[in-house]
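The values are calculated or read from the model by the stated rules, or taken from the named source; none is laboratory data. Everything quoted here is computed from the prediction, not taken from an experiment. In this analysis, Cβ positions are derived from the backbone assuming ideal geometry, glycine residues included, and neighbour counts consider all displayed protein chains. The accessibility values were calculated without ligands, DNA or RNA, using every heavy atom of the protein model including side chains. Shrake-Rupley method; radii C 1.70, N 1.55, O 1.52, S 1.80 Å.
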Amino acid sequence: MLTLTNMQIVYDRVIEAVRDVSLEVPEGRLVALLGSNGAGKSTLLKAISNVLFPEKGEVLHGQIMFRDRDIGKTSANEIVRAGIIHVPEGRRLFPLMTVEENLLMGGYTASTAALHDALDKVYTMFPRLKERRKGEAGYLSGGEQQMVAVGRALIGQPRLLLLDEPSLGLAPQIIEEIFEAITRLRNEEGISILLVEQNAALALEIADYAYIMENGRIVLDGTASEIAKNADVKEFYLGFGDHGAKKSFRDIKHYKRRKRWLS
Amino acid sequence: MDLFLNLVASGLVIGSVYGLIGMSFAIIFRTTGVLNFAQGEVMMLVAYTAWTLTHTLLFPFWLLVPSTIVLAALIGMAIERLFIRPMTGQPIFAIVMVTIGIAITLRSLTTLVWGHEFEGFSVPFSGGVVEIGPVFLLTEQLAVLILFMAVSAMTWAFFRFSRVGMAMRATSQDETAALLMGVDSRRMSSFAWAISAIVSGLAGVMVSVLFARAPDMWHFGLKSFPAAILGGLDSPIGAGFGGLIIGVIGELSAGYIWNGLKEISGLILIIVILMVRPYGLFGEKELERV
Ligand SMILES: Nc1ncnc2c1ncn2[C@@H]1O[C@H](COP(=O)(O)OP(=O)(O)OP(=O)(O)O)[C@@H](O)[C@H]1O
Ligand SMILES: [Mg+2]
């Protein structure tokens, strides 16, 4: 469904954020993209939805194919119309608009009839939003805001959903709620999903396939269960050593130092 | 009391003109963050064009209104496309400087095409007198008030309910997020310039009807600027009411205190109000969360 080949992305013409990344999201699958801070995950998603330009970001090299079409030069609004919807990091609601207006904005490209059905569906999925629909989005709690962000994306009827850290800053039971909703989208609606997460353990639980990104490169990829079993991943992303015990901070620092030597 | 009411009424009339132009400042500012210092000149250009339609091409009034609206929209969009869009990504300050350049260009263009003469602008509804209790109004003054109310209501409904109006608000709050919703932000900018040219253009026609079609009518742009500041630059409706307030205060201070105060009382008021409410009377507060 989505295929990235040899993507290279820079900011301000010199800061190289993504070096040489190839990645694939097959139809109806949930693919996790994991990696530490600054690895280039968000940058990659912004490149797919073509919203790098306001931040002076630029794709120097590489190809983005979506449903057999090269969308590298397609404008952001056309990409949304093609069915790729991106829920950005930090939710990015319209703070002075009401919850319902935010959701309606998600259906900006949809027909009015489809819009009302989709709105009902989101309210069934997140009943809490229905109670708060006349409230200003800026005053919602973080979890409620994330629900609006996901709901807003669903109203646009995506074929491919790009989710950037949906669990950021949320309490465990809200994370569970959101992840359940994400799983259902794949299972019941057949939506393909590219999920960026810091919470690797949780993401690997629901994903079909995973990529691990470091310093702008993919360093590892495989099915979610393979990745979850991989010793290095266990150590550095899931926080467990070989014997199931948490690694100490000093060991991780040691690894980083070694890695710097190698790279 | 009669004097008071008549002063308030004429204040509301002139305030409606300030309010309409103030609204057009706010429509562009709220959507694109640009202060258009050529607003008065755009108003003048539309008024002159409408004058030519009426007095040279002899358009009947029913045809004049829709054609003025269409021409105003085209003028607004053309300016945006030729001068503002190429500046995308430049600092806002540079874009504001460009609008000052546009202002000067439009002023000379207008005198180049139409000359320096003042000309009356006649419309079928002018010349009558309406008596409302102790207040006397000319029919064209009443028309300005009605126009103000109609445009305010339409502007409010447009931003509140229409899909494009909502998208314009969304763009002003978070451009990248709006792009991710499928909004074409360049088109929003073009729409803002079009709507703003229509609103100020209609005000310009009324100024020509009330006074004359004259090469210095762009002054109304400057005089209306305080209205936009007072009401809040990001709130078109607020800017409209800001215009009414400035108009009434101007007339009252001129009538009761000293004629020279007419022009400056509004500015004094703004300084006081902005010290208390830096976002203007109706401006949207910045939320601290998010
Ligand atoms: N607007 C920008 N201008 C310049 N550099 C940027 C910009 N945005 C990101 N970068 C840089 O690009 C690199 C990748 O950033 P990116 O936001 O893609 O990381 P990330 O993997 O999403 O990290 P996180 O997990 O912290 O969100 C970082 O080194 C970052 O400093
Ligand atoms: Mg990120």
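Name the helices (complete DSSP H segments) of chain B with a Cα length along the long axis of 18 Å or more and a Kyte-Doolittle mean of at least 1.0, or state none.
B:2-32, B:61-79, B:92-114, B:139-161, B:185-210, B:236-256, B:261-276
Cα centroid distance between segment A:210-239 and segment B:222-267, in Å?
64 Å
How big is the dipole moment of segment B:121-214 about its Cα centre under a simple scheme where the beta carbon of each Lys and Arg is +1, that of each Asp and Glu is -1, and everything else is neutral? Debye, nearest 20, please.
Approximately 220 debye in magnitude.
In percent, what relative contact order does segment B:2-276 have, based on Cα pairs under 8 Å that are 6 or more apart in sequence?
Numbers: 461 pairs, mean separation 112.6, N = 275.
Relative contact order comes out at 41 percent.
For A:92-100, what's the mean count of beta carbons from other chains sitting within 10 Å of each residue's beta carbon?
Per-residue shielding by partner chains comes out at 5.
Treating only the Cβ of Lys, Arg, Asp and Glu as charged (+1, +1, -1, -1), what charge dipole size does segment B:2-276 show about its Cα centre? Round to the nearest 20 debye.
Here segment B:2-276 has a charge dipole of around 660 debye.
Going by alpha carbons, how many degrees (0 to 90, nearest 10) lie between the helix axis of A:249-262 and the longest principal axis of chain A?
Computed tilt is about 80 degrees.
Just to verify a number: FRET efficiency for residue B:271 and residue A:180, C-beta to C-beta distance, R0 = 51 Å, to 0.05?
The computed FRET efficiency comes out at 0.35.
How much accessible area per residue does chain B have, counting only protein heavy atoms and a probe of 1.4 Å, in square angstrom?
44 Å²
Can you bin segment A:1-129 into rounded, prolate or oblate? Criterion: square roots of the alpha carbon gyration tensor eigenvalues sorted a ≥ b ≥ c, rounded for a/c under 1.5, prolate for a/b above b/c, oblate for the rest.
It is prolate, given that a/c is not under 1.5 and a/b is the larger ratio.
What's the average, rounded to a whole number, of partner chain beta-carbon atoms within 10 Å of each residue's beta-carbon in A:144-157?
Average per residue, whole number: 1.
Which distance in nm do the two modelled labels at residue B:56 and residue B:187 give, with both placed 7 Å along the Cα-to-Cβ direction?
Roughly 3.4 nm, to one decimal.
Quick one: which of A:174-182, B:247-255 comes out on top by average Cβ neighbours within 10 Å, and what's the full order, highest first?
On the way: A:174-182: 17.4, B:247-255: 21.4.
Ranking the peptides A:174-182, B:247-255 by packing returns B:247-255, A:174-182.
Taking the Cβ-Cβ separation of residue B:81 and residue A:37 as r and a Förster radius of 56 Å, what is the calculated FRET efficiency to the nearest 0.05?
That pair, residue B:81 with residue A:37, gives E of 0.85.
Please compute the average number of Cβ atoms from other chains found within 10 Å of each residue's Cβ in peptide A:49-55.
For peptide A:49-55, the averaged partner shielding equals 3.
Quick check on packing: order B:93-106, B:219-232 by the mean number of other C-beta atoms within 10 Å, highest mean leading. All intermediate terms of the calculation are to be shown ahead of the outcome.
Numbers: B:93-106: 15.7, B:219-232: 24.9.
Top to bottom by mean Cβ count within 10 Å: B:219-232, B:93-106.
Using helices alone, I'd like the mean residue ellipticity at 222 nm for chain B: each DSSP H run of four-plus residues gives -39500 (n - 2.57), total over residue count, nearest 500.
On the way: 11 runs with 206 residues, N = 290.
The helix-only estimate for chain B comes to -24000 deg cm²/dmol at 222 nm.
Scan around residue A:32 for amide H atoms under 5 Å from its own, H built in the peptide plane at 1.01 Å from N, and keep only partners 5 or more places away or cross-chain.
Amide H neighbours of residue A:32, under 5 Å, 5+ apart: A:195, A:208, A:209, A:210, A:211.
Could you tell me the distance between the Cα centroids of segment B:145-194 and segment B:45-60, to the nearest Å?
29 Å
Quick check on packing: order B:49-57, A:100-108, A:26-34, A:62-70 by the mean number of other C-beta atoms within 10 Å, highest mean leading. Write out the running numbers ahead of the final one.
Numbers: B:49-57: 17.4, A:100-108: 24.3, A:26-34: 20.3, A:62-70: 14.6.
Result, highest mean Cβ count within 10 Å first: A:100-108, A:26-34, B:49-57, A:62-70.
State, as an integer percentage, the relative contact order of segment A:89-157 based on alpha-carbon contacts under 8 Å between residues 6 or more apart.
Numbers: 78 pairs, mean separation 37.6, N = 69.
Reported relative contact order: 55 percent.
Take every DSSP beta bridge whose two residues both sit in segment A:61-202, then give the antiparallel share in percent to the nearest 5. Show your work: numbers first, answer last.
Working: 3 of 12 bridges.
Roughly 25 percent of the DSSP beta bridges within segment A:61-202 come out antiparallel.
Antiparallel versus total DSSP beta bridges in chain A: what percent is that, nearest 5?
Of those bridges, close to 55 percent are antiparallel.
For chain A, find the longest principal axis of its Cα atoms and tell me its angle to the long axis of helix A:112-125, 0 to 90°, nearest 10.
60 degrees
Could you go through segment A:35-40 in sequence order and give the Karplus-derived ³J(HN,Hα) for each residue, using 6.51 cos²θ - 1.76 cosθ + 1.60 with θ = phi - 60°, rounded to whole Hz, and x for Gly and Pro?
These are the phi-based 3J(HN,Hα) values: x, 6, 4, x, 5, x Hz.
Mind giving me the FRET efficiency for residue A:89 and residue B:158? R0 is 30 Å, r the Cβ-Cβ distance, nearest 0.05 is fine.
0.40
Where both partners of a DSSP beta bridge lie in the protein assembly as shown, what percent of those bridges are antiparallel, to the nearest 5?
60 percent
What number comes out for the charge environment of residue A:186, summing +1 per Lys or Arg and -1 per Asp or Glu over other residues with Cβ under 14 Å away?
Charge balance near residue A:186 sits at -3.
Can you pull the one-decimal nm distance between simple spin-label points at residue A:124 and residue B:1, each 7 Å off the Cα toward Cβ?
In this crude label model, residue A:124 to residue B:1 measures out at 6.4 nm.
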